[in-house]
Structure formats: structure tokens, C-alpha cells
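Only the coordinates and a few stated rules stand behind these numbers; no lab work does. The shown structure was predicted, so the numbers you read here are calculated from the model rather than taken from an experiment. Every residue, glycine as well, gets a Cβ built from its backbone with ideal geometry; the counts of neighbours run over all protein chains shown.
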């Protein structure tokens, strides 16, 4: 840990700003455990999986000196890529990542240091992904991509939550899944990872996109422990749908979902979502985070709407000293999409393993 700069607050009191390694400094775990804006994406397990899978080194910017309790922190990863450029992201592959600030806060000082570090590393930009925006956002931060965000309040009764589901699209399909006697297995076993990943390959090919590398999921399951779970629905012994959820405190996060299209009529995905809602409520969870959706993905947005979740806009922010055209991470050209849809499993998986390192 080291103090890089001294800044001054409005009272002209000098404030030191420090970088720490959250994988080595146990104070980060303490802050994440107690801060009201912390999420599963702040957890050490998520950061360790990013490092193991993609080589991203995490760092935290804080105003707390060595030996003091950690009062605040902004966590980022440095991504260095010959394909997509050099940048700081908070956080790669996370739907959102709030600033963990104290009530007094040293927001402007931390932002000034962050901009200085971006310039020192010659990064194209810093991207921040907060759910909530401080009213004193620096003028140097500009809004970037926006997404649709859904969150479901789990505090009403289970009967009330069920009545809030769309009667035809969700309730009816849950009942169909129950009549079909779909089973739900949950856990973190290697067999579940393998079955989940086969469904993921089917889904990503259907969407003409490369899959995340298998070792990303294996690392998440190893690093996050009890805070991550796979739920898999079967018809007899055939996997038909699977969902990966994360947990932090009283919040459950839907992160990844996949299915076999030929069994969609059985209602596997609505069935799994309802099992997650019921299990989460029974375990004391108060909210279910359905994650972000691209604004142009009207089908996914409509699907999440049908669970009675509250919809809002999630906007990312950037500091960039030098503006320029960045490489796309959306695999937009029709030729590339067509290629992804035609690749055999082994090559499709390899494509994901090669490309995702550059897209955090």
C-alpha cells in the first residue's frame, strides 16, 4: 500500500489517497461485509476469479491510511489488451459496482486520484458502473452506456409474489413444469458445471455469441464458495435449463441463465426463477437482482417485467482524457454472428476463451 497523492478538501485539510490490494488486505472484506452499497461483485471471490481467469489485477482506491479501519473504497481492475486497449474498469463482467463511500466521503478527492492514475497508466478511460450516483459527480465523468435494470422486492408474502407473476407467461408455465415433474438440483459440483456449460453453449450459439470460458465458472464456484449456486432443471435425467445466482447479505443476484430450446415448452426457466424466489425468501433474502439488459433486447426486458420486478435505468460513467473509437464487445457484424452459430462446441468454447480476456 502506498499514498500516491495528497489532495485538499473544501476546508483545506490535506487528504491522503491510497491504493491497496483487496486480495491481500483483510480490511476490504470487513468493509464489504458491512457497507450498505456492497454487492456480490465486491466480494473477494469475484475479484479472485477475475484474476485467475483473465489475469486482471484488482486495486482499491481509499482515503484510509495503513493500520486504520477502511472507511471507503472504489474497487477497479486494470485491463491491458492489444485488442481493446488499456483501461480501468469497476468492475469487469459485473452488472454494477457501487462506490463504497463513508457518510462524510472524500468523493472528489478519490475521483481526482482516479483520473490521475488513468493518465499515469495511459489508459483510454476509466469506466465506473454505479447503481447509485453521488450528486457531486465530477464534471470529468461523462455518461456512457445505459441498460435496463430489474430488481424484485422479496419482502411481501410468497402468495403475493406469485400473484404478481404474469398469469399466462409465468404462472401457467410454472404449473406446466410442475405437471411435467421437472426436478431442480442445486449445488456446485463438477457435474453441474459440465451440464450448465453444455446448456450455455447451446444458448450462446442460438444467440450467435461466444460463451464465457468454462474455467470462469469453475473459478467462480471455487472462489465464491457458498455465495454462488447453480440450479439445474431436468426432465427425467435430461438437463433442460440452468441458472447461476450469487448472494451477498440479503440480496440474491441472477447472473447467468441458459436452456435447451427444444424443451422450452416445459417452462424450465420460469420454474427455476420461481424456485429461486421461493428459496431466497425462505432463507431471509429481501431483494432479487435480475441484472442488466441491453436496451435493444426487448424480449429479455419483457420477460423480466413479467416477474413483477421494478425496472429502472442503469448508466455507466467514464473518465477519458483521449476520446477515440473503441473496439466493439457486442460481436455486431452479421458475418461474425453467423460464424459463432456454426462453430462446433470445441471451437466455440475456444473462441470465448480467447476473446473474453479482452472484453472485461
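Please state the relative contact order of the stretch 155-285 as a whole percent: Cα pairs under 8 Å, 6+ residues apart?
That works out to 29 percent.
Just report the Cα centroid separation between the stretch 176-237 and the stretch 55-94, whole Å. Here the two parts' Cα centres lie 29 Å apart. Of 114, 91, 343, the residue with the greatest mean-square motion in the GNM of the chain, using alpha carbon springs below 10 Å, is 343.
The mean sequence distance of close C-alpha pairs (under 8 Å, at least 6 residues apart), as a share of the length of the chain, puts its relative contact order at 22 percent. Assign one of three labels to the stretch 155-285, namely rounded, prolate or oblate, based on the Cα gyration tensor with a ≥ b ≥ c the square roots of its eigenvalues; rounded applies when a/c is under 1.5, prolate when it is not and a/b is larger than b/c, and oblate otherwise. Oblate, since a/c reaches 1.5 and b/c is not below a/b.
In terms of its alpha-carbon gyration tensor, the chain comes out prolate; a/c meets the 1.5 threshold, and the first ratio a/b outweighs b/c. Based on the alpha-carbon gyration tensor of the stretch 115-227 and its eigenvalue square roots a ≥ b ≥ c, which shape applies: rounded if a/c is under 1.5, prolate if not and a/b is larger than b/c, or oblate? In terms of gyration-tensor shape, oblate.
Exposure proxy ranking for 296, 95, 25, based on other Cβ atoms within 10 angstrom of each Cβ and starting from the fewest, stands as 296, 25, 95.
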